[in-house]
1. From Cα pairs below 8 angstrom and at least 6 apart in sequence, can you work out the relative contact order of the chain, rounded to a whole percent?
2. Lysines within cross-link reach of LYS199: Cα-Cα under 28 Å, excluding same-chain residues under 8 positions apart?
3. Please list 145-153, 39-47 highest first by mean number of surrounding beta-carbon atoms within 10 Å per residue.
4. With a 1.4 Å probe and all protein chains left in place, how much accessible area per residue does the chain have, in Å²?
5. Tell me the carbon and sulfur percent of the accessible area for region 9-135, rounded to whole percent, probe radius 1.4 Å.
6. Measure nothing but the geometry: give the 0 to 90° angle between the long axis through the Cα atoms of 144-183 and the longest principal axis through the Cα atoms of the chain, rounded to 10°.
7. Once both axes come from the Cα atoms, what is the angle between helix 97-115 and the longest principal axis of the chain, in degrees from 0 to 90, rounded to 10?
8. Looking at the chain as a GNM with Cα springs under 10 Å, which of MET35, MET182, MET171 has the largest mean-square fluctuation?
Amino acid sequence: MAEGLININGDSVQTLEIIYLTTLISLFPTLVVMMTSFTRYVITCSFIRSAMGTQQVPPNIVLIGISLILTLFTMTPTLDDIKTYAYDPYVAERITQEEFFDRAQVPLKDFMLRQTPSETMQMYCELSDTEYPKNDEEALELPMHIVIAAFVTNELKRAFEIGFYLYIPFMLIDIVVSSTLMSMGMIMLPPSMISMPFKLLLFVALDGWQLLFSTLVQGFR
């Protein structure tokens, strides 16, 4: 048997190929988080929990679960394209493994590029000495690491912008409650204890979760 080959059920497999696939599988959860809408969802949910001051309610596992479900909902069209144009031909042995990865990148790049402003993409192109694309077809030819870096940067920016707007109404409630307690001379009573029921009442009255989730999903182009 040739050096660097492993025999599995009579088929010779490159050792480097096995190492490559093992590394890819270990990095897969991180890549999924960085290449999908998960980041924006989970950060926004964390902000809304902090703004309401409910400590660990909802717990982290619930926020992560909600973020995963919304991510699957948002990414379904992209996943369908990957299945149609990459996975199904690969399973049918009509394309090679290299062609599978090349085809699978296209829908993901298209999704990330639609969420990323040109200024952010141009910055990373300049940092990597890569020519900035002149049209959408050339943008799809950009290296994946540039697209991912620009996409994640924009997602963090958008998530923190949403968090800022979420904090404003709850902060106003805290200010009103604190001012009222000060005027009544109730200095020793924690304002957060009084303001939390009002925050929950406001959030429930506005159907906050449904409003938040619908706004987040519609925010993806």
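The values are calculated or read from the model by the stated rules, or taken from the named source; none is laboratory data. All values reported here derive from a predicted model rather than from experimental measurement. Cβ: placed from backbone, ideal geometry, glycine included. Neighbour counts: every protein chain shown. Please note that ligands, DNA and RNA were not included when accessible areas were found on the heavy atoms of the full protein model with its side chains. Shrake-Rupley method; radii C 1.70, N 1.55, O 1.52, S 1.80 Å.
1. Computed value for the chain: 23 percent relative contact order.
2. LYS157
3. Ranking, from highest mean packing down: 39-47, 145-153.
4. 63 Å²
5. The nonpolar share, carbon plus sulfur, comes to 63 percent.
6. Orientation of helix 144-183: about 10 degrees from the principal axis.
7. 30 degrees
8. MET182
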